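Single-structure report; data block below.
The values are calculated or read from the model by the stated rules, or taken from the named source; none is laboratory data. Computed from a predicted model, the values in this text were never measured in an experiment. Quick reminder, even Gly has a Cβ in these numbers, built from the backbone with ideal geometry, and neighbours come from all protein chains shown.
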Amino acid sequence: MNARNRNADVVKLRSNACQDLLKMIVKPNWKEELINIINYEVDSNGKYKEKYINEYHKIHNYGAEEYKIDDMDVSFIYEVIRHHKRKICRPEIKDKTLDNILDNIKGDRNKTNHSSENETDSEIYSRALLSLEHLEKLINNVGDYLTDIEVEIKDRYRQKYTSKINSLKEIIIKEALSHNKVEKDVQSILNSDKPWFLWHEIIMNYYKDKNPPFYNEEYCSFVTLCADKGIHYAYFDIVSMYYHKNDSKSMISFIHKILNEDNVDNDVIYAVNTGINLKWGELSDTWEVTKATDTDVKSILKAIEEKGFEVKPVKNELSEEELKKLEKKDKNVRNKHFYRYEIEPRSDLS
């Protein structure tokens, strides 16, 4: 669940809609006319040079034959229709018609494409929905104002993008509601005088009917936000989530982050240790802590020791049933040795 991803979806949909709109209204020889305009503005240092320079590079990098409307962004499409409509658009399409359509494009292009890093997810979701409303107006205006375009062509266009807009709206509304629920749950834990009990009660609701829950976006958003807010009960879930997603890089980064925190609780250290046991439980029979071949494991175990813990590798004796399961993936499994790591606070520090 990522609000910025949804905003990117809106931007892409809007670009596609504007590109398809331009395809409906251009002359058959639009490309030749437009390339001449772009080359003239850039080569003569014209007043539109800065606005057309990106298209100039596309044309000369990939060749005029390869240049197409699908390569254009919304800002350029707006500028082209605004300044050169009589040179590239079909003559039967009236200026007033194009001006009405331009109003829709102009009104939303900057708000949709640019966002602040300080925006909350709720603000991004709201802006994405507002942008879809503006896009709906554009689609409707195509039907209302482009009277010189064949009805069948306009209807196909409107039906295509109405369907896409409604589908994306549904996704965004669902995610926004879920996001609000997640934020409310996290805040209630932060405000509680019994956070552990409330955490346990809430997390069980996220587990419910989602076994395992690690691929459920709402669960992942909840535990991630909890961890970001310093709710360390979520740390084990984060480690487990990365493990089940096979995302070792994120798992290592998260473990180092929490081990670098001041006054790390012992239960956090145990959560990290559990993560190591999940991910790196299999080692050779000559394994030693000081000779670990895996740099990540070695660095994490060293950090745990620096927190005042003693780390011991302990051989795991697997049952026959466990061995048979592993043999399905690795026929040589019976010749391997499996270890887990036991940790305990060092007695000399107590």
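Structure notes:
- One residue from Ser122, Ser167 being at pLDDT 85 or above, of a type in the set (Ser, Thr, Tyr) and part of a helix (DSSP H, G or I): Ser167
- Of the helices (runs of 4 or more DSSP H) lying entirely inside segment 1-65, those containing at least 1 residues that are closer than 21 Å to Ile93 by Cβ are 3-25, 30-43.
- Residues that are over 21 Å from Leu259 (Cβ atoms) and not in a helix (DSSP H, G or I) within segment 295-325 comprise Val314, Lys315, Asn316, Glu317, Leu318, Ser319, listed in sequence order.
- Only one entry of Arg127, Arg158 meets the criterion of being assigned to a helix (DSSP H, G or I), within 30 Å of Leu98 (Cα to Cα) and modelled with pLDDT of 90 or more, and that entry is Arg158.
- Just one of the listed residues (Tyr62, Tyr48, Tyr78) is among the aromatic types (Phe, Trp, Tyr), at negative phi and free of Cβ contacts under 8 Å to residues at least 12 places away in the same chain, namely Tyr62.
- Condition met for Asn260 (farther than 24 Å from Ala3 by Cβ and loosely packed, with under 13 Cβ neighbours inside 10 Å): yes
- Scan of segment 88-99 for residues that are surrounded by 15 or more Cβ atoms within 10 Å (Cβ to Cβ) and in a helix (DSSP H, G or I), ordered by number: Ile88, Thr97, Leu98
- Test: residue in segment 321-338 that is modelled with pLDDT of 70 or more and crowded, with 18+ Cβ neighbours inside 10 Å: no
- Some residue of segment 197-214 being surrounded by fewer than 17 Cβ atoms within 10 Å (Cβ to Cβ) and among the polar types (S, T, N, Q): yes
- Residue match in segment 44-54 (condition: of a type outside the set (Lys, Arg), within 29 Å of Tyr161 (Cα to Cα), more than 35 Å from the chain's Cα centre (by Cα) and surrounded by fewer than 17 Cβ atoms within 10 Å (Cβ to Cβ)): no
One line per residue, one yes/no per condition, for (1) among the aliphatic types (A, V, I, L, M); (2) touching a Lys or Arg at 6+ places or on another chain (Cβ under 8 Å); (3) surrounded by 13 or more Cβ atoms within 10 Å (Cβ to Cβ):
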| residue | (1), (2), (3) |
| --- | --- |
| Cys18 | no, no, yes |
| Ile25 | yes, yes, yes |
| Pro28 | no, no, no |
| Ile38 | yes, no, yes |
| Ile69 | yes, yes, yes |
| Asp73 | no, no, yes |
| Tyr78 | no, yes, yes |
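- Lys245 meets the conditions (1) surrounded by fewer than 16 Cβ atoms within 10 Å (Cβ to Cβ); (2) at pLDDT 80 or above in every case but one. The failed one is (2).
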